[in-house]
Amino acid sequence: MLRYIRITTAMAFATLLSLTACGSKDTEKATETGAVQDSVQTAAVFYCPMKCEGEKTYTAAGSCPVCGMDLVEK
């Protein structure tokens, strides 16, 4: 009986420890990701509406180097 209690206590402690450790890393990642997304959202991103270069984006307005169409802001 004592062996069962020790095993159960050890498993509960390990579970609690792993959940606590995982929770703090997720919070840090969310904070870092939020900061990165805020800086990305302030910069304008342009793309070609014809998608002739796939998902390629540009940081400045202008025309597409492949088809010559005006780039559109995302």
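Rule-based calculations on the coordinates, nothing more; no lab input. In this text, all values refer to a predicted model and were calculated from it rather than measured experimentally. Cβ coordinates were reconstructed from backbone atoms using ideal geometry, including for glycine residues, and neighbour counts include every protein chain displayed.
Stretched out fully, how many nm does the piece from C52 to I5 gain, at 0.36 nm a residue minus the Cα gap?
That works out to 10.3 nm of additional length.
Multiply the residue gap between F13 and M69 by 0.36 nm, knock off their C-alpha separation, and tell me the result in nm, one decimal place.
Gain on extension, F13 to M69, equals 14.0 nm.
Of the peptides 48-60, 6-18, how do they stack up when ordered by the mean number of other Cβ atoms within 10 Å, highest first?
Order by mean packing, descending: 48-60, 6-18.
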